[in-house]
Amino acid sequence: MNWRSKKLWLKLVRGARKLSNFFWALTVLLGSLGFLLAGISSFLGRNLISFVPYEQIPFFPQGIVLSFYGIAGLFISCYLWCTISWNVGSGYDRFDRKEGIARIFRWGFPGKNRRILLRFRIDDIESVRIVVQEGPYARRVLYMDIKARGALLLTRTDENLNPLEAEQKVAELAYFLRVPIKGL
């Protein structure tokens, strides 16, 4: 969601609560439970999963390996579900020309640095640029160059913009901030 007036630009940034993350967290959870149950059933000598006969899986070494993969998958799934529940990466970009302040806010992982807030003057913004990363999966990434801070990434790493979208975004932001565009 974007909201823009003559003096204020507010862009909300989606974090980890995306459909693809829910899909992968659920897939990893179900797969790891399957591996773990297959390993446990080979250890106990009982069918815990009806379509996997325990007689065909000797506990040493296959059952141990299946159990290990199941436990590792549960840890990965737990990490994914925690990332989704904390909505890591969400936040906003706020550019206020009236105050002359730009704020970039993101939620991180719990702890001392959970709230990530960058504040700087709009006058310190030197330019907005597009970097094209070539290859089989070409991507266009938007950066903002700031004095004494370097380049600041404006797009999500998984956001895949086509050339027209990238040019429109960078042109609108450059026009609003009254800075030049680099990399076109």
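Just so it is clear, none of the values below were taken in a lab; they were calculated from the coordinates. Being a predicted model, the structure only gives us computed values, none of them experimental. Positions of Cβ are backbone-derived with ideal geometry, glycine not excepted, and every protein chain shown enters the neighbour counts.
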Item to complete: State the percent of C-alpha pairs, over all pairs in the range 20-86, separated by a distance greater than 20 angstrom.
Response: 32 percent
Fill in: Ratio of the Cα radius of gyration of the range 84-144 to 2.2 N^0.38 Å, where N counts its residues
1.43
Response to the item:
DSSP beta bridges in the chain: the antiparallel percent, rounded to 5, is 95 percent
Worksheet entry | Set of lysines near Lys98 by C-alpha distance (under 30 Å), chain-local residues within fewer than 8 positions excluded | Lys6, Lys7, Lys11, Lys147, Lys169, Lys182
Practice prompt. Using only the alpha carbons, work out the radius of gyration and Dmax of the range 26-184 in angstrom.
Written response: 24.4, 73
Practice prompt. Quick one: which residues, 5+ away or cross-chain, put their amide H under 5 Å from the amide H of Leu154? H built at 1.01 Å from N.
Written response: Leu142, Tyr143, Met144
Discussion item. Using DSSP H assignments, which helices in the chain have an axial alpha-carbon span of 20 Å or above and a mean Kyte-Doolittle hydropathy of 1.0 or higher?
Written reply: 19-44, 64-86
Worksheet item: Fewest to most neighbouring Cβ within 10 Å: what's the order for Arg4, Arg103, Arg140?
Response: Arg4, Arg103, Arg140
Worksheet item: Counting other Cβ atoms within 10 Å, which chymotrypsin sites (Phe, Trp or Tyr not before Pro) in the range 75-166 have at most 12 and lie in a DSSP loop?
Response: Tyr137
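Roughly how compact is the range 47-101, stated as its Cα Rg over 2.2 N^0.38 Å to two decimals?
Its radius of gyration relative to the 2.2 N^0.38 Å reference: 2.28.
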